[in-house]
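Data block below; observations after.
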Amino acid sequence: MIIPFDQLSKSDLYIDAIYEGGPSPNLGAEVLSKLFPGCGNAGGFRKVMRKDNSELPAYVILYTSMSELEWPDYLDAETGVFRYYGDNRTPGKDILNTPKKGNVLLEKVFGMLNNGLNSLKDIPPFFVFKRSGSGRDVQFLGVAAPGNPHISPDKDLVAFWRCLDGKRFQNYEAYFTILNTPAAISRSWLNALVEHHDTSLEYAPDSWKQFISTGRNGIEALTAKKMLKIPTSYDQLQTDEEGKTCLSIIRERYHKNPYGFEACAKDIVEKMDPHFQDFSLTRPWRDGGRDALGYYVLNGDSHQNLPMKIDCALEAKCYAVNNGVGVREMSRLISRIRYRQFGIMLTTSYVDKQAYEEVVTDGHPILIVTAADIATTLRHNAITSANIDNWLDTVDRSDTRFPFSR
């Protein structure tokens, strides 16, 4: 669905609808300030205040481009979990000293969430939008509540350090949940939140009412089960320009040294998920078709009991973008997986259709990691084209299999 620019002020909110920007080349074409009267025309946090003199927000618009490499906001459509970064994104200021006070708002809202049921009534709904990719058009992703039933209170708002231009500073990483609401959100609710907040629940979606009455455990997420399909080579290679640059640097370094890439692949897997642990690289002349062996480790919350360790075998392929992993390479890994073990096929390229279909159709326990996954893992670990060579130097030094090669 596409909502024309001249209809913004009267439109309801439709999940996944595109709201068109105007024709002018300046902020007069901006969408959100027209869709939400009283909302600002710039920034990621945009509050609309109540008119009851409470000095509390009626609701908040969260806007994201979903394309900032250093701040990878992300919606997991399968679970409804939405990760959003605060607004202290450059060095030189305290975490709460930002012009829009977005991080102050995050602290207050998550404080209310974790302060008991009596505080929930003052939490504003968050309306999430992302840039659609065409001019000033935006797409509505849904109504979000802070927190998630499966994320503990000590992990839904986390302050972390980031380094930029050699300077350290802190920002927040916040987790919201897109609620299971009707496809259309009535403007009557928006108006009531501002004009008559005390009676606004009369117009609210049932999932918001449930959240306000029960808190995080009452959050009902909007989930979208992923349809099973074999991803194309394009899907598996898909990344932004920064990701492509990083992958090219990796390929260039290791295209004549595939054994060296094994240490790089091991480090990527361990960065991808901290449950991957204790990987040891195998000698190339006795690897049995496996470049590294390790464990996927699961612990109970108390950490008092012994963890469960699942054996896994890693196969690493440093391939060019036009050279996919085929049936021969995949069959080699499959044939060497032992009982109660799973395999990881990691490649800087893609897995071709026939090999991928064999894994899926026959139910082989293989985790496939391709160029798109590698680029995402590097981004989440703040590895960019500016510092990737330093990281790779560290990886190479960690490979002790070839003591006489350096």
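Bear in mind these aren't lab numbers, they're just calculated from the coordinates by the rules spelled out. Model, not experiment: these values are computed from the prediction. Cβ coordinates were reconstructed from backbone atoms using ideal geometry, including for glycine residues, and neighbour counts include every protein chain displayed.
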Using DSSP to call loops (not H, G, I, E or B), can you name the trypsin sites (Lys or Arg not before Pro) in region 298-399 whose Cβ has at most 12 other Cβ atoms within 10 angstrom?
Arg338, Arg340
tail above 19 Å in the computed P(r) of region 182-304, as % of all Cα-Cα pairs, reads 74 percent
Where does the chain land on the Kirkwood hydrodynamic radius, alpha-carbon pairs, in angstrom?
23.8 Å
Report the rotationally averaged projected area of region 23-119 based on its alpha-carbon convex hull, in square nanometres.
9.0 nm²
Percent antiparallel among DSSP beta bridges (both partners in the chain, rounded to 5)
70 percent
Dipole of the chain, positive direction: furthest Cα of Ser186, Leu247, Met66, with charges on the beta-carbon
Leu247
Amide H partners (placed H, <5 Å) of Tyr59, local residues excluded
Val48
Determine one quarter of the surface area of the Cα convex hull of region 111-227, which equals its mean projected area, and express it in nm² to one decimal.
10.5 nm²
Just going by the charge dipole of region 233-398, with Lys and Arg at +1 and Asp and Glu at -1 on Cβ, which of Val321, Leu298, Phe342 is farthest out on the positive end?
Phe342
q = 0.08 Å⁻¹: log10 I(q)/I(0) that the Debye formula gives for region 2-218, counting C-alpha atoms only
-0.27
Output the Kirkwood hydrodynamic radius of region 233-398, Cα pairs only, in Å rounded to one decimal.
16.3 Å
Rg/Rg_ref, region 268-337, where Rg_ref = 2.2 N^0.38 Å and atoms are Cα:
1.34
Cross-link list Lys229/Lys317; Lys266/Lys317; Lys130/Lys244; Lys225/Lys266: which exceed 20 angstrom alpha carbon to alpha carbon?
Lys229/Lys317; Lys130/Lys244; Lys225/Lys266
Could you tell me which of Pro258, Phe140, Tyr172 has its Cα farthest along the dipole of the chain towards the positive end, charges placed at Cβ (Lys, Arg +1; Asp, Glu -1), taken about the Cα centre?
Pro258
Cross-link partners of Lys93 among aspartates and glutamates (Cα-Cα below 12 Å; sequence separation of 8 or more within a chain):
none
Computed [θ] at 222 nm, deg cm²/dmol, the chain (DSSP H ≥ 4; -39,500 (n - 2.57); rounded to nearest 500):
-8000 deg cm²/dmol
Please enumerate, by chain and number, the aspartates and glutamates with C-alpha under 18 Å from the C-alpha of Lys101, excluding those fewer than 8 residues away in the same chain.
Glu55, Asp87, Asp122, Glu173
What ratio of Cα Rg to 2.2 N^0.38 Å holds for region 63-158?
1.15
In square nanometres, what is one fourth of the surface area of the convex hull spanned by the alpha carbons of region 354-396?
4.3 nm²
